[in-house]
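Here the structure comes first, spelled out in structure tokens, and everything after it is commentary.
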Amino acid sequence: MRRTGCIDYVELPGGKLEETKRFYAGAFGWRFIDYGPSYVAVEGAGVDAGFQGDPAEAPSKPLVILYAEHLESLRDEVTAAGGEITRPIFPFPGGRRFHFRDPAGNELAVWSEL
């Protein structure tokens with residue numbers, strides 16, 4: 001069950017997706033769901049995850065993604081607590097999300113189905 005404010009997903013830069021999928025399938029037995037030519041979701045990794053193969057969209061480091069039942073409310077709480085919004089709310093297949101930087105300089109994201 002998803003809970004607001006909990007880690008829900010990890011997104012990784014994908015580079016060459018076919019090679020990346022072969023590596024993780026061979027080394028760890030992970031399975032994949034393709035979402036278009038530049039994104040794959042991961043199954044069997046212990047946490048929901050995905051690889052972004054589009055260099056223009058890929059995070060430079062692993063991106064931890066939190067869940068929010070009410071996206072705008074959590075965005076406002078992040079801002080009030082001192083977080084800096086680095087990417088305003090935007091749609092993606094399956095929901096919407098925003099990115100923020102914490103006071104230590106880490107970039108995270110928050111997503112919602114609505």
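Read-outs throughout are calculated quantities, based only on the coordinates presented, and are distinct from any laboratory measurement. In this text the structure is predicted, and so the values were computed from the model without any measurement. Neighbour counts are summed over all protein chains in view; Cβ atoms, including those assigned to glycine, are modelled from backbone coordinates with ideal geometry.
Taking the stretch 54-84 as the search range and keeping residues that are farther than 18 Å from Ile7 by Cβ and aliphatic (A, V, I, L, M), which one is surrounded by the most Cβ atoms within 10 Å (Cβ to Cβ)?
If we take residues in the stretch 54-84 being farther than 18 Å from Ile7 by Cβ and aliphatic (A, V, I, L, M), then Ala58 is surrounded by the most Cβ atoms within 10 Å (Cβ to Cβ).
Within the stretch 78-101, can you find the residues that are of a type in the set (A, V, I, L, M) and part of a strand (DSSP E or B)?
Hits for the stretch 78-101 are Ile85, Ile89.
Which residue pairs have Cβ atoms under 7 Å apart, sit 6 or more places apart or on different chains, and have a first residue in the stretch 14-34 that is under 20 Å from Leu63 (Cβ atoms) and free of Cβ contacts under 8 Å to residues at least 24 places away in the same chain and a second that is surrounded by 11 or more Cβ atoms within 10 Å (Cβ to Cβ) and hydroxyl-bearing (Ser, Thr, Tyr)?
Going by the 7 Å Cβ cut-off, the qualifying pairs are Trp30/Tyr24.
For the stretch 35-53, indicate whether the set of residues that are under 15 Å from Pro93 (Cα atoms), of a type in the set (Asp, Glu) and either surrounded by fewer than 16 Cβ atoms within 10 Å (Cβ to Cβ) or touching a strand residue (DSSP E or B) at 6+ places or on another chain (Cβ under 7 Å) (or both) is non-empty.
The answer is no, given that none of the residues of the stretch 35-53 is under 15 Å from Pro93 (Cα atoms), of a type in the set (Asp, Glu) and either surrounded by fewer than 16 Cβ atoms within 10 Å (Cβ to Cβ) or touching a strand residue (DSSP E or B) at 6+ places or on another chain (Cβ under 7 Å) (or both).
Quick grid of which residues meet (1) touching a Gly at 6+ places or on another chain (Cβ under 7 Å); (2) surrounded by fewer than 16 Cβ atoms within 10 Å (Cβ to Cβ); (3) at positive phi:
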site: Phe32; (1), (2), (3): no, no, no
site: Thr86; (1), (2), (3): no, yes, no
site: Phe92; (1), (2), (3): no, yes, no
site: Asp102; (1), (2), (3): yes, yes, no
